[in-house]
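Input: a single structure, listed below in structure tokens.
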């Protein structure tokens, strides 16, 4: 079965990004056409829970600034069958 390209309208995308930002999972940076979004520590904690990664997110684990690297390292290990 071939995949067909999907189109997401600008209004839908803006609405979805706003909801993710409101929920605390994404943080917006910049304005207008240069606006971008980054995952928040809350999103990374959800990823840890969803994929049952061995990253301590209880507060005794990595600082929020180190959390992205810890999560990416564990996801990479999982993909490569090392966990």
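Mind listing just one residue for me: the one in segment 24-46 that is touching a residue at least 12 places away in the same chain (Cβ under 8 Å) and assigned to a loop (DSSP other than H, G, I, E, B) and, of those, nearest to residue 77 (Cα to Cα)? Among residues in segment 24-46 that are touching a residue at least 12 places away in the same chain (Cβ under 8 Å) and assigned to a loop (DSSP other than H, G, I, E, B), the one nearest to residue 77 (Cα to Cα) is 40.
Condition (residue is out of contact with any helix residue (DSSP H, G or I) (no Cβ under 9 Å at 6 or more places or on another chain) and either assigned to a helix (DSSP H, G or I) or in contact (Cβ under 8 Å) with a residue 12 or more places away in the chain (or both)) applied to segment 2-11: is it met by at least one residue? Looking through segment 2-11, at least one residue is out of contact with any helix residue (DSSP H, G or I) (no Cβ under 9 Å at 6 or more places or on another chain) and either assigned to a helix (DSSP H, G or I) or in contact (Cβ under 8 Å) with a residue 12 or more places away in the chain (or both).
Looking only at residues of segment 60-83 that are over 17 Å from the mean Cα position of the chain (by Cα) and surrounded by 10 or more Cβ atoms within 10 Å (Cβ to Cβ), we find that the one that is modelled with the lowest pLDDT is 83.
Only a single item in (1) in a loop (DSSP other than H, G, I, E, B); (2) closer than 20 Å to residue 23 by Cα is not met by residue 49, and it is number (1).
Across segment 64-83, the number of residues qualifying as within 28 Å of residue 16 (Cα to Cα) and not in a helix (DSSP H, G or I) comes to 3.
The values are calculated or read from the model by the stated rules, or taken from the named source; none is laboratory data. This one's a predicted model, so the numbers in the text were calculated from it and none came from an experiment. Glycine also receives a Cβ, built like all others from the backbone with ideal geometry; neighbour counts cover every protein chain displayed.
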